[in-house]
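Student: I am attaching a structure below and will ask some questions about it afterwards.
The values are calculated or read from the model by the stated rules, or taken from the named source; none is laboratory data. Owing to the predicted nature of the structure, the values given are computational and were not obtained by experimental measurement. When we count neighbours, we look across all protein chains shown, and the Cβ atoms used for this are built from the backbone with ideal geometry, even at glycine. Remember, those area values only see protein heavy atoms, side chains included, never the ligands or the DNA or RNA. Shrake-Rupley method; radii C 1.70, N 1.55, O 1.52, S 1.80 Å.
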Amino acid sequence: MRLIFLGPPGVGKGTQAERLSAQRRIPKISTGDILREAVQKKTSLGVQAKSFIDGGKLVPDAVVIGIIRERMKEADSKEGFILDGFPRTVPQAQALISMLLQDQRSIDRVLNFELADDELIRRLTGRRSCPNCQAVYHLEYNPPKKPELCDRCSGKLIQRSDDQPETIRKRLEVYRSQTWPLVRFYEEQGVLRRIDGSGTPEEVYARLTAAIG
Ligand code: AMP
């Protein structure tokens, strides 16, 4: 199954992708995770991407398309994948179509997660993540068992540099202007399903599995 998870920052795409990936045994491919890891390791990709991420802006299309092209060559994506945070612009979506076409593949479903802005901001400001294993928590909705420590690997949790109020506003603005057109793009192709992103992760997961069958 080849899936795209679409939706604004903070809607819970990553959390849902993580669960579905474990349950269906297909990889979750997140350009945000790949870029953050590169920033942490200070690779040339990371150095290039850092200022875009910290400013809440999109990393240039050519860079993220290159990342996905390389990642898709790995064997684990042959049986399916969940794309989380890619594509984010129409040119990225077009590049993905041609990439998949080369292997006679296509996208089965695009899940568009939806949530009101005030709740998105609440989720983003309370979000904490583990820089070691990428696990994600929320101070109120999904707190770690021990304060500030990852349940999975005991790493010290951090607040993402782009989860500050000013950057959050910018990211939502960028989402509306550059990513929102993809909803229409995939709707016209007949593969889009809308998912109400409100409620607990369990409630959203039940809606997700109902939508993909
Ligand atoms: P995310 O973890 O998906 O919220 O992504 C964090 C940041 O990484 C974004 O705000 C962008 O700066 C960058 N990024 C991630 N995915 C993409 C993409 N597909 N296109 C451009 N920039 C991206």
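Student: Computed from the mean reciprocal separation of all distinct C-alpha pairs, what Kirkwood hydrodynamic radius does region 86-213 have, in Å? If you can, show how the numbers build up before the last one.
Tutor: Working: mean 1/r = 0.0594 Å⁻¹.
Computed over region 86-213, the radius equals 16.8 Å.
Student: Can you figure out the FRET efficiency of GLN189 with GLN104, using R₀ = 22 Å and their beta-carbon distance, to the nearest 0.05? Don't skip to the end; give the middle numbers.
Tutor: Details: r = 17 Å, r/R0 = 0.76.
According to the calculation, E is roughly 0.85.
Student: Which parts of region 24-54 would a label at ASP151 reach, counting a residue when its backbone N lies under 13 Å from a point 7 Å out along Cα-to-Cβ?
Tutor: The answer is none.
Student: Still on this model: I need to check one value: relative contact order of region 114-193, counting alpha carbon pairs closer than 8 Å and at least 6 residues apart, in percent. The partial results should precede the final answer.
Tutor: Numbers: 66 pairs, mean separation 18.7, N = 80.
Dividing the mean separation by the residue count of region 114-193 yields 23 percent.
Student: Moving to a separate point now. Take the solvent-accessible surface of the protein heavy atoms, probe 1.4 Å, and return the percent of it on region 1-115 that carbon and sulfur atoms account for. Write out the running numbers ahead of the final one.
Tutor: Values: 2770 of 5280 Å².
Here it works out to 52 percent.
Student: Which residue fluctuates most in the GNM of the chain (Cα springs below 10 Å): GLN102, GLN16, GLN178?
Tutor: Among GLN102, GLN16, GLN178, the largest GNM mean-square fluctuation belongs to GLN102.
Student: Tell me which residues come under 5 Å, amide H to amide H, from ARG109 once H is placed; ignore anything under 5 positions away on its chain.
Tutor: Amide H to amide H, under 5 Å and 5 or more residues apart or across chains, ARG109 pairs with ARG2, ILE4.
Student: In the P(r) worked out for region 1-116, what percent of Cα pairs fall beyond 26 Å?
Tutor: Details: 1062 of 6670 pairs.
Percentage above 26 Å: 16.
Student: Additional query: At 222 nm, what helix-only mean residue ellipticity would the chain give, in deg cm²/dmol to the nearest 500, using -39500 (n - 2.57) for each DSSP H run of four or more? Let's see the in-between values first.
Tutor: Numbers: 9 runs with 96 residues, N = 213.
Calculated mean residue ellipticity at 222 nm is -13500 deg cm²/dmol.
Student: Within region 104-213, what percent of beta bridges assigned by DSSP are antiparallel, to the nearest 5?
Tutor: Details: 6 of 11 bridges.
Close to 55 percent.
Student: Express in whole angstrom the spacing between the alpha-carbon centres of region 137-204 and region 81-102.
Tutor: For region 137-204 versus region 81-102, the Cα centre distance is 20 Å.
Student: Another question, then. Which of the helices in the chain meet the span-like rule: DSSP H, Cα axial reach of 30 Å or more, Kyte-Doolittle mean at least 1.0? Don't jump to the answer; show the numbers that get you there.
Tutor: Values: long enough: none.
Sorted by number, there is nothing, because no helix extends far enough and scores high enough.
Student: How high is the FRET efficiency between THR209 and SER177 when r is their beta carbon distance and R₀ equals 30 Å, given to the nearest 0.05?
Tutor: The value I calculate is 0.45.
Student: Follow-up question, since we're still on this one. Taking only protein heavy atoms into account and a 1.4 Å probe, give the accessible area per residue of the chain in Å².
Tutor: Values: 10970 Å² over 213 residues.
Ligands and nucleic acids excluded, the result is 52 Å² per residue.
Student: How charged is the neighbourhood of ASP151? Take every other residue with its Cβ under 13 Å from the Cβ of ASP151, and add Lys/Arg as +1 and Asp/Glu as -1.
Tutor: Numbers: positive: ARG128, LYS145, LYS146, ARG152, LYS156; negative: GLU148.
With Lys, Arg at +1 and Asp, Glu at -1, the neighbours total +4.
Student: What's log10 of I(q)/I(0) for region 1-54 at q = 0.22 Å⁻¹, Debye sum over Cα points only, no solvent?
Tutor: Debye curve over Cα of region 1-54, log10 I(q)/I(0) at q = 0.22 Å⁻¹: -0.87.
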